[in-house]
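Read the structure below first, then the notes.
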Amino acid sequence: MFLFRKTPEMPAPSDVLPGRPNPIPTASRHFINGRSLQGPYPEGLETAIFGLGCFWGAERKFWELDGVHVTAVGYAAGLTPNPTYEEVCSGRTGHNEVVLAVYDPKKISYDRLLKTFWESHDPTQGMRQGNDTGTQYRSGIYVASPAQRRAAEDSKRLYGEMLAKKGFGPITTEILDAPPFYFAEDYHQQYLAKNPMGYCGLGGTGVSCPIGVPA
């Protein structure tokens, strides 16, 4: 029956939910390290935003990395301001489930974050990740600078070549300038630390990405 499912599509502007003018409530501190979730962040740190499927498991991939100061989950790349989780899941916001990683470039490179991104999911699946289907599960890199865009595009090309050699289809990952990031509700933040047996639908391709490691 899977072959007959309708492919999820981004909503037309006329169908987008209106949202709200003010942010929805969320946590103030990171559940694991106690650092400020929403900032201000220490001087010299940089931000990266990735979408790679259900954000519960995706966030854990990044908080485990040395050099990442704090992580948060939220919604981005859609049209509805300050959406709720239920609104995002309706498919009528255009938003993706994403992870914000605030990192120290002196301790970890953006290339290393990209390597984690690529190897933690299957970026060839379009509007889904495994059994999770919907526009909010699409693969995306949301760049904060021209340097991040160059690195993201180069890594997409290189990893695409590696995947093709293993029989995978073309990468469907979108690379966009970083849009507004809307923090998700408190219970979503660091979900798998609060619920160690909780659901994680992420699964990589098993293909190594040839970036982010010393030459």
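Filtering segment 13-45 to residues that are under 22 Å from Ala77 (Cα atoms) and in contact with a Ser or Thr (Cβ under 8 Å, 6 or more places away or on another chain) leaves Val16, Leu17, Pro18, Gly19, Ile24, Leu37, Gln38. Each residue in segment 63-99 was checked for being in contact with a helix residue (DSSP H, G or I) (Cβ under 9 Å, 6 or more places away or on another chain) and either among the hydroxyl-bearing types (Ser, Thr, Tyr) or closer than 30 Å to Pro21 by Cβ (or both), and 21 of them qualify.
Return yes when Ser90 is out of contact with any Asp or Glu (no Cβ under 7 Å at 6 or more places or on another chain), surrounded by fewer than 22 Cβ atoms within 10 Å (Cβ to Cβ), under 13 Å from Glu185 (Cα atoms) and not acidic (Asp, Glu) and no when it is not. So Ser90 does not fit the description; no.
On the stretch given as segment 133-167, residues that are among the hydroxyl-bearing types (Ser, Thr, Tyr), farther than 30 Å from Ser90 by Cα and either within 15 Å of the chain's Cα centre (by Cα) or not in a helix (DSSP H, G or I) (or both) total 1. Pairing residues of segment 88-102 that are touching a residue at least 60 places away in the same chain (Cβ under 8 Å) and closer than 17 Å to Ala144 by Cα with residues that are among the hydrophobic types (A, V, I, L, M, F, W, C) and in a loop (DSSP other than H, G, I, E, B), at Cβ distances under 6 Å and at least 6 apart in sequence or on separate chains, gives Leu100/Phe181; Val102/Leu45. Under 6 Å by Cβ, and 6 or more places apart or on different chains, what pairs join a residue from segment 153-176 that is over 16 Å from Tyr110 (Cβ atoms) with one that is part of a helix (DSSP H, G or I)? From residues that are over 16 Å from Tyr110 (Cβ atoms), the pairs are Ile171/Lys156; Ile171/Gly160.
The strands (runs of 3 or more DSSP E) found entirely in segment 12-111 that carry 3 or more residues being of a type in the set (Val, Ile, Thr) are 68-76, 96-103. Does Gly44 satisfy being more than 18 Å from the chain's Cα centre (by Cα), at pLDDT 95 or above and closer than 19 Å to Phe183 by Cβ? It is false that Gly44 is more than 18 Å from the chain's Cα centre (by Cα), at pLDDT 95 or above and closer than 19 Å to Phe183 by Cβ. Among residues of segment 122-150 that are touching a residue at least 12 places away in the same chain (Cβ under 8 Å), those with a beta-carbon under 6 Å from a residue that is basic (Lys, Arg) and assigned to a loop (DSSP other than H, G, I, E, B) at least six positions away or on a different chain give the pairs Met127/Arg138.
The values are calculated or read from the model by the stated rules, or taken from the named source; none is laboratory data. What you see is a predicted model; the values in this text were computed from it and never measured. Positions of Cβ are generated from backbone atoms using ideal geometry, with glycine treated the same way; all protein chains shown enter the neighbour counts.
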